[in-house]
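Report on one structure; see the data block that follows.
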Amino acid sequence: MSYPRVSTFKTAEQFRGRLQQLGLDLPFDETLQIGAQAPLATSLQSRCGRIGNRWCILPMEGWDGTTDGRPTELTERRWRNFGLSGAKLMWGCEAVAVRPDGRANPCQLVLNQQTLGDLAALRELLVQTHLQRFGTADDLLVGLQLTHSGRFARPFEKARMQPRTAYRHPLLDRRFGADTDECLLSDDDLQQLTEDFVRASRLAWQAGFAWVDIKHCHGYLGHELLSGYDRPGRYGGSFENRTRFLREIVAGVRAEVPGLGIGVRLSIFDYVPFQPGADGIGVPAAAGAYSQAFGGDGSGQGIDLQEPVRFGQLLRELGIDLLCSTCGSPYYNPHIQRPALFPPSDGYQPPEDPLCGVARQIRATAELKRQFPDLIVVGSGYSYLQEWLPAVGQAVVRRGMADSIGLGRMVLSYPELPADSLNGQILQRRKICRTFSDCTTGPRNGLVSGCYPLDPFYRERPERAVLAALKTGHEETE
C-alpha cells in the first residue's frame, strides 16, 4: 500500500485536499506569523522556570555513549545541535538510565557519581552553544530524562536483551525474550528502583539541570506499570497502586531535592502490538479484547482517556505542571507513535496514511489540554508533517490544543528548524526529515543513531554502508 508523500503537497490547497480525502480535521495556518507576538514565539512560565518560546526538543537516544555511560563526541554534537535549534524547552535532552541494568543499549548514558561531571559538561555545552547563538539562555529550560528500560533493557550486549518486566504479557513476553518469571520485578525491586530514581535526580540537580522527566512512555518500565491491571502487590491492580511508582519517586525528590522541578512524558494511549502481515503491512498481533493498553478502550485499537485524565489530576496534586504527550511504543506499534512512510528494518509497512497517526496524537493531546488548561502540555508526533510542520504547530498553539510543539527525529536532520521558522525563513527542503527511519534502523542493528540520508556528517560515516545492506528498498531521494 502506498500513500502520497507530504513533499508532493506544494500548496495549501493540495495539503487541505489530502486531509479532506482522509477525513482529518487537522488544523494548519496558511500564513506563519513572526515577531515577539507570534503564537510560536510567546513565552511560558512553568514551576520549573521560564520557557522563551513554544518549540520543544524531545529526548534523543543515540546509542553513542561509552560502555560506562559517558557521552562521546557524537553525543556532544547532538546536544550542541539542540542548543543551536532555537527551541527554549529541552525535554530531557537524552534518555539517561538511573542504573546500568536499566539501559536500552550498552552505550546509553547512565547517571551516577562517576558520570556526574560528564553530564554537567554536556548540559553546559548545550547552554553555552545556545547563549552564543541567540544571545541569552535565561529563558532556556533544560531538563534530563531519567529512565529504566524495563522490558526493553539491553544493558550489556547489543544483541542480547535482558528484560525486567512489571508483569507477564501475553504477546510481548515471547517477542522480547521475557518468557520466564525470573524477568519479573518484585515489589522490593521496585522500591529499590524508586530510590535509584531519587538518587539520580539529586545528581541531575548537582549537574545543573533545572528539572527531571520521570519517563512514563513507550513501553519502558514506568509506562508498563500503568497497564499492570493484573499485577499483584503494591504496584499493580488499582490506579493508586499503578501510579505508586511515580508518587514515591516524586515524594523522594521533593524531600531530598526540593529545588528540582519534575515533568512526565506519558504515553497517553496505547494499542495492541502490531506485526507485519503477509503483504508486509502492519496488522494486530492478536484479535479481540486487549486489556494491556493504558488509555485504551479494550479493543486494542481504540482510545479511552479516562485514566490518562486521572493521571493529569494526579500531576496537579503532585505539583507537576510539565506534561509531554506521546503514545504507544516504537517497539511494538510504531505507526501510532512515530508516523512514518518508511518503516525501520524490524518494522512493518504503515497500515494507514501516516497523517492519520499525526492527527490522532494531536486530537488526544488537545483533549488532555482541554481538561487541564493549567498544565503545560507538549505535543509529539509532528515530524511526518515535514514542510507543513510549522503551519500545523502554529495552529495547534494558537487554538490552545497544546502549549508547545515537540520535535524528535526532525532535529537529527534539521536542528535549526525552530529558529528558521521563528525568523520567517523559508525552510531548507534538503534538510527536512522524510521519515526514512534510518535513525531507528541503525540502533535496531547495533549502530549509532543519526540521519544518514540527509545529514552530511552521518552520510560520510562507515555505518552508512552497513545500513545500505539493511534497507528495505526505498529510495533516499524525493
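Anything in segment 344-359 that is touching a strand residue (DSSP E or B) at 6+ places or on another chain (Cβ under 8 Å) and either more than 13 Å from Ser2 (Cα to Cα) or of a type in the set (Phe, Trp, Tyr) (or both)? List them, or say none. Listed by number, the residues that qualify are Gly347, Tyr348.
One residue stands out among those in segment 239-259 that are out of contact with any Phe, Trp or Tyr (no Cβ under 6 Å at 6 or more places or on another chain) and outside any helix (DSSP H, G or I): the one that is surrounded by the most Cβ atoms within 10 Å (Cβ to Cβ), which is Thr243.
Could you say whether any residue in segment 61-80 is within 23 Å of Trp388 (Cβ to Cβ), out of contact with any strand residue (DSSP E or B) (no Cβ under 6 Å at 6 or more places or on another chain) and either aromatic (Phe, Trp, Tyr) or in contact (Cβ under 8 Å) with a residue 12 or more places away in the chain (or both)? For segment 61-80, residues within 23 Å of Trp388 (Cβ to Cβ), out of contact with any strand residue (DSSP E or B) (no Cβ under 6 Å at 6 or more places or on another chain) and either aromatic (Phe, Trp, Tyr) or in contact (Cβ under 8 Å) with a residue 12 or more places away in the chain (or both): absent. When segment 13-52 is filtered for residues that are free of Cβ contacts under 8 Å to residues at least 60 places away in the same chain and either of a type in the set (Gly, Ala, Ser) or farther than 28 Å from Leu141 by Cβ (or both), the ones remaining, listed by number, are Glu13, Gln14, Arg16, Gly17, Gln20, Gln21, Gly23, Thr31, Gly35, Ala36. If we scan segment 378-391, do we find a residue that is β-branched (Val, Ile, Thr), within 24 Å of Arg50 (Cβ to Cβ) and in contact with a Leu (Cβ under 8 Å, 6 or more places away or on another chain)? There is at least one residue in segment 378-391 that is β-branched (Val, Ile, Thr), within 24 Å of Arg50 (Cβ to Cβ) and in contact with a Leu (Cβ under 8 Å, 6 or more places away or on another chain).
Residues in segment 47-59 that are buried (at least 24 other Cβ atoms within 10 Å of the Cβ) and assigned to a strand (DSSP E or B): Ile51, Trp55, Cys56, Ile57. Considering segment 392-478, the qualifying helices (runs of 4 or more DSSP H), each wholly inside and each with 3 or more residues that are closer than 22 Å to Thr129 by Cα, run over 409-413, 417-422, 456-459.
Each residue in segment 324-356 was checked for being within 29 Å of Leu141 (Cβ to Cβ), touching a helix residue (DSSP H, G or I) at 6+ places or on another chain (Cβ under 7 Å), surrounded by 24 or more Cβ atoms within 10 Å (Cβ to Cβ) and not β-branched (Val, Ile, Thr), and 5 of them qualify. Residues considered: Gly177, Gly236, Gly228. Of these, the only one that is surrounded by fewer than 24 Cβ atoms within 10 Å (Cβ to Cβ), outside any helix (DSSP H, G or I), of a type in the set (Gly, Ala, Ser) and touching a Leu at 6+ places or on another chain (Cβ under 9 Å) is Gly236. Within segment 295-323, track down each residue that is part of a loop (DSSP other than H, G, I, E, B), surrounded by fewer than 22 Cβ atoms within 10 Å (Cβ to Cβ) and within 20 Å of the chain's Cα centre (by Cα). Scanning segment 295-323 gives Leu305, Asp321.
Residues in segment 1-46 that are over 30 Å from Asp279 (Cα atoms), hydrophobic (A, V, I, L, M, F, W, C), surrounded by 10 or more Cβ atoms within 10 Å (Cβ to Cβ) and more than 25 Å from the chain's Cα centre (by Cα): Ala12, Leu32, Ile34, Ala38.
The residues in segment 294-339 that are in contact with a Phe, Trp or Tyr (Cβ under 7 Å, 6 or more places away or on another chain) and of a type in the set (Val, Ile, Thr) can be counted, and the count is 2.
Bear in mind these aren't lab numbers, they're just calculated from the coordinates by the rules spelled out. This is a predicted model, so every value here is computed, not measured. Heads up, the Cβs are rebuilt from the backbone with ideal geometry, glycines too, and the neighbour counts pull from every protein chain shown.
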